[in-house]
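The values are calculated or read from the model by the stated rules, or taken from the named source; none is laboratory data. Not measured: the values here are computed from a predicted model. When we count neighbours, we look across all protein chains shown, and the Cβ atoms used for this are built from the backbone with ideal geometry, even at glycine.
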Amino acid sequence: MDGILIIGHGSTMENASAGLYQLAEEIRHRIDIEVIEVAFLDTTPPDIPTGVLTCVKKGVTRLLAVPYFLSDGYLVRKAERIVEEEVANYRGMTMRFGQPIGPDPRIVEVLKDRIHEALSKEE
């Protein structure tokens, strides 16, 4: 069975993870994959090992881990390494690691909207 693990950074701020859970819920309604879980690299539970274990318990044998980061770099590589180490603990499980969001033109539109919102709040 296929499963997706969306990996966020994590935060010490209360409710900071709510947006990633909301995103995962939206994705559940748009793609035909039964298991979509969320995990965090730092601070916020569940951590990546727990996220992988949750997927295993739900019957996932092919895991796609997707970093919810804007750019590639140390944190993305660290997340990938942790997922690889965890998946190696489960016989018969395979994984792929997706790319970070990157400079996608759709992000430009979102950023433009946020800029306009902020400018419209100026006094």
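Going by the structure shown, is residue 39 among the small types (Gly, Ala, Ser) and over 22 Å from residue 15 (Cα atoms)? Judged against the criteria, residue 39 is not a match.
Restricted to helices (runs of 4 or more DSSP H) entirely inside the range 10-123, those with at least 3 residues that are surrounded by 12 or more Cβ atoms within 10 Å (Cβ to Cβ) are 18-28, 48-57, 74-87. The residue list 70, 64 contains one member that is modelled with pLDDT of 95 or more and within 12 Å of the chain's Cα centre (by Cα), which is 64.
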